[in-house]
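The values are calculated or read from the model by the stated rules, or taken from the named source; none is laboratory data. Here the structure is a predicted model, which is why all the values come from computation and not from measurement. Glycine also receives a Cβ, built like all others from the backbone with ideal geometry; neighbour counts cover every protein chain displayed.
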Amino acid sequence: MQRLLLALGLSAAFAAPALAADVVYEEPAAPIAVAAPPSWTGLYLGVQGGGAFQPDEGDGLGILPSFGANTAVPGLTAAANNGFGANTIGAAFGNSFSSEFESGFVGGAHVGYDYQVGDRFVIGVLADINATDVSYRDSAFSNTPAFYTVERSLDYLVTGRLRAGFLVTPTALAYATGGVAYGEVDTRFSTDSPAVAGNGRSTATARPAALFNDSDDVGYTVGGGMEVKVTQNVSFGAEYLYTNLGDGSSVARLDGGPFDGNASNGAATTGGFTDFRTSGDFDFHTVTAKLSYRFN
């Protein structure tokens with residue numbers, strides 16, 4: 001019996017290290033690196049392009065004879081029309097007017113600086129310059145027949161704006177923006193009437209058209225947009241702006257033929273004149289796509 005117990009004890013003594021060797025200890029998992037969200041703070045520059053449009057076609061062209069639209073003009077033949085008496089400037093035009101906004105391309109470059117406040121808010125400043133080909137065209141049509149058109153066109157547009165936005169996600173920014181706008185508005189008068197010089201014709205009764213432009217080219221712009229970072233340094237966005245360059249007006253003054261109040265003598269002897277006047281805000285909407293490179 002003692003020999004059996006001794007044998008069992010020795011077996012247990014040799015088996016214990018073997019069992020201990022079979023115990024497996026797992027290494028702790030390596031910590032997972034969490035990438036820091038991209039920062040919007042920094043300088044950026046880029047390009048934009050899109051279109052300009054205006055559903056409101058404008059206020060139209062006003063015809064203002066110094067002697068009155070309902071005063072009969074010697075030598076003028078015009079049947080009573082639209083509430084005006086016969087042989088008057090008002091009757092010659094009646095209600096034959098049109099006004100339209102010519103939509104067109106807008107595109108250029110921009111530069112700005114953003115500052116991220118906390119995890120969700122971004123504030124910044126930006127400026128852009130754009131080439132444009134938009135215009136307002138106001139026309140009147142006489143029963144001669146002839147057309148008389150005043151066109152105001154915008155050659156370029158500059159804005160300086162503030163913007164403030166909210167980060168929908170760490171890489172997507174929704175923002176509102178607003179500031180000052182400046183544009184160069186050119187005004188020109190055109191007609192195919194033989195009574196007006198400057199249209200490629202020369203007649204004994206022709207008189208030059210004097211153009212007075214009182215356009216206010218400084219106004220404001222407001223809007224908003226969405227911008228998304230596609231990489232740490234590249235962002236793509238879309239932006240809507242409403243721009244108003246102020247209440248600009250222009251006058252084309254004619255003093256030949258019937259426009260001086262005496263069509264029969266063929267000369268401006270009466271001292272009268274007729275103004276073709278445009279007025280109203282030069283305003284429009286733009287939608288552009290923007291691509292920016294960010295130095296952050």
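Brief remarks follow.
- Residue check for Gly219: exposed (fewer than 14 other Cβ atoms within 10 Å of the Cβ), more than 30 Å from Gly118 (Cβ to Cβ) and either in contact with a Leu (Cβ under 9 Å, 6 or more places away or on another chain) or modelled with pLDDT under 85 (or both): no
- First in segment 226-244 and farther than 14 Å from Leu45 by Cα, second anywhere and of a type in the set (Val, Ile, Thr) and part of a strand (DSSP E or B), Cβ under 6 Å, 6 or more apart: Glu239/Thr288; Tyr240/Val287; Leu241/Thr221; Leu241/Thr286; Tyr242/Val222; Thr243/Thr221
- Residue match in segment 95-106 (condition: under 34 Å from the mean Cα position of the chain (by Cα), over 22 Å from Phe282 (Cβ atoms) and at pLDDT 90 or above): no
Residue-by-condition table, conditions (1) without any contact (Cβ under 8 Å) to a residue 40 or more places away in the chain; (2) within 21 Å of Ala181 (Cβ to Cβ); (3) assigned to a strand (DSSP E or B); (4) aromatic (Phe, Trp, Tyr):
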position: Val111; (1), (2), (3), (4): no, yes, yes, no
position: Ala127; (1), (2), (3), (4): yes, yes, yes, no
position: Thr132; (1), (2), (3), (4): no, yes, yes, no
position: Asp138; (1), (2), (3), (4): no, no, yes, no
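- Members of segment 225-241 found to be among the polar types (S, T, N, Q) and either surrounded by fewer than 15 Cβ atoms within 10 Å (Cβ to Cβ) or within 16 Å of the chain's Cα centre (by Cα) (or both), listed by number: Thr231, Gln232, Asn233
- Identity of the residue in segment 54-75, aliphatic (A, V, I, L, M), in contact (Cβ under 8 Å) with a residue 24 or more places away in the chain and not in a loop (DSSP other than H, G, I, E, B), that ends up farthest from Phe105 (Cα to Cα): Leu64
- Residues (modelled with pLDDT of 90 or more and of a type in the set (Gly, Ala, Ser)) located in segment 50-61: Gly50, Gly51, Ala52
- Candidates Ala86, Ala78 - the one that is at pLDDT 90 or above and in a loop (DSSP other than H, G, I, E, B): Ala86
- Of the residues examined, Ser98 is one that is part of a strand (DSSP E or B), small (Gly, Ala, Ser), free of Cβ contacts under 8 Å to residues at least 60 places away in the same chain and more than 22 Å from Tyr242 (Cβ to Cβ).
- Among the residues of this structure, Gly178 counts as one that is in a strand (DSSP E or B) and surrounded by fewer than 19 Cβ atoms within 10 Å (Cβ to Cβ).
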